[in-house]
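Below is one structure; the comments refer to it alone.
Nothing in this text is a laboratory measurement; each read-out follows from the coordinates by a stated rule. All values reported here derive from a predicted model rather than from experimental measurement. Cβ: placed from backbone, ideal geometry, glycine included. Neighbour counts: every protein chain shown.
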Amino acid sequence: MTTVHARLEELGLTLPEVAAPVAAYVPAVQSGKQIITSGQLPFVNGQLAALCKVGTDVTPEEAQAAAGVCVLNALAAVASLVDLDDVVKIVRLGVFVASSPEFTGQPAVANGASELVGQIFGEAGAHARAAVGVAVLPLNACVEVELVAEVR
Amino acid sequence: MTTVHARLEELGLTLPEVAAPVAAYVPAVQSGKQIITSGQLPFVNGQLAALCKVGTDVTPEEAQAAAGVCVLNALAAVASLVDLDDVVKIVRLGVFVASSPEFTGQPAVANGASELVGQIFGEAGAHARAAVGVAVLPLNACVEVELVAEVR
Amino acid sequence: MTTVHARLEELGLTLPEVAAPVAAYVPAVQSGKQIITSGQLPFVNGQLAALCKVGTDVTPEEAQAAAGVCVLNALAAVASLVDLDDVVKIVRLGVFVASSPEFTGQPAVANGASELVGQIFGEAGAHARAAVGVAVLPLNACVEVELVAEVR
């Protein structure tokens, strides 16, 4: 049985540090058996990986990679509350893509998040997903991902 | 006692086929007693019913009808996991309306989803709802609906 | 032990009347131990507090105050189902900010919601949050907030 930790190592991935809580909100909250993360931006070592907007300044491929970075940040937020091996399933991803008005490829961008979840969690990673294109995101990020996980 | 199936028949409605899972996400996930669907687009037989954006290319009435189509697709997703008669209540609808910047009639569009849920589920269909206007939706759809149901 | 009611009084805040249900949706729904509110607009006595869009027509400070108004409306929705002292924690805030395309200060606007929740609920108010910038909101509102609370 491969653990989530072993899977991350196989994939050459390391969980980032959890971003310090800003204002009166926190990276993740547990309610019953669900952990709900805050919306995660594609920060790598405190720097945003790709800036707005997909379709003009950022390619779909760059945004796809950035969506994967958001997922790692979301998992770090989950891991701040429980061991990732206690995650029974990933329930939902909400993916917001800062889009130029003509860009309609949000599903491909969101696949950068969905496929990474699948690689890390296997069948337990089969999640519901809503992907939408928004006008603009905090700090001019190109993508924001929130995650709901069910834990033991 | 009218069942949901009988209500659908009375309304002349048929549940569509569930869209095949794309990438590593699925039409709906159960977590505890909740079923969370993926964001549903107004597909009718594999074709999008109305294309972006409400306020310019699509009338509010067309978008309202499309929101109802999204609900049927969401219920098909729920029905892929449980019998619809095991739905205790519809908990939440999230309605994203691809809007021209001046269009502020998202509630009327979302009523196309809410009222159909009410017709099908009666009192058990009284749900919480968030309706917002977004810049653009996947595949240039005019509306996207996600649904949370509570089951027995 | 200060109750939520006492805290509201100390802060000089009064819960507004719950907006009457429109169409087939309701202000809030309970599912298990969670209460999910509908998206709340910054109504004060039936009038919208600030109209679209942040970055042009509305200052970030005005939008921040409006986000607090949305929270009061959301708590009124929760209080229509349970006593606020039965709230164990605030689980999640979803904050949608109607933004001009260049405005990237959604977190500061959302802090108007988060900080008020913190003032009212203390540690039990430490919530997960997703803040995004959208093209346009219902009735041209500048901000919309939805809230999930866990109750006893």
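Using θ = phi - 60° in the Karplus curve 6.51 cos²θ - 1.76 cosθ + 1.60, the 3J(HN,Hα) couplings for segment C:34-41 round to 9, 10, 10, 8, 6, x, 9, 9 Hz; x is entered for Gly and Pro. Computed on chain B, with alpha-carbon pairs under 8 angstrom and 6+ residues apart, the relative contact order is 34 percent. Which residue, chosen from B:Gly122, B:Ala76, B:Ala141, occupies the Cα position most advanced towards the positive end of the dipole of segment B:66-152, where the dipole is computed from +1 (Lys, Arg) and -1 (Asp, Glu) charges on Cβ about the Cα centre? Result: B:Ala141. In 5 Å bins starting at 0, how do the alpha-carbon pair distances of segment B:4-151 split up by percent? Once binned at 5 Å, the Cα pair distances of segment B:4-151 give 2, 11, 21, 24, 20, 13, 7, 1, 0. The amide H of A:Cys142, built 1.01 Å from its N in the peptide plane, has A:Ala50, A:Cys52 as neighbours under 5 Å, considering only residues 5 or more places off or on other chains.
Per-residue 3J(HN,Hα) values for segment A:60-69, derived from phi via the Karplus relation 6.51 cos²θ - 1.76 cosθ + 1.60 with θ = phi - 60°, read x, 5, 5, 5, 4, 5, 5, 5, x, 4 Hz in sequence order (x marks Gly and Pro). Give me the net charge for the shell around B:Thr3: Cβ to Cβ below 11 angstrom, other residues only, Lys and Arg +1, Asp and Glu -1. Net local charge, B:Thr3 excluded: -4.
The rotation axis taking chain B to chain A passes closest to this chain B residue's Cβ, listed with the gap in Å: B:Ala135, 3. I want the local charge near C:Gln34. Using Cβ-Cβ distances under 11 Å, sum +1 for each Lys or Arg and -1 for each Asp or Glu among the other residues. Computed value for this residue: +3.
C:Gly46 label point (Cα plus 7 Å toward Cβ) to equivalent points in the other copies: 5.3, 5.3 nm, shortest first. The distance between label points at C:Arg152 and A:Glu102 comes to 5.9 nm (points 7 Å beyond Cα on the Cα→Cβ vector). What's the local net charge at C:Ala135, with K and R +1, D and E -1, over the other residues with C-beta under 15 Å away? Local net charge: -4. Relative to the other identical copies, B:Leu139 shows label-point distances of 3.4, 3.4 nm, where the label point lies 7 Å from Cα along the Cβ direction and values run shortest first. With label points defined 7 Å past Cα in the direction of Cβ, position A:His5 shows copy-to-copy spacings of 4.9, 4.9 nm, given to one decimal and shortest first. Helix A:106-121 and the longest principal axis of the Cα set of chain A meet at an angle near 20°. Rounded is the label for the protein assembly as shown. Its Cα gyration tensor axes, ordered a ≥ b ≥ c, give a/c under 1.5.
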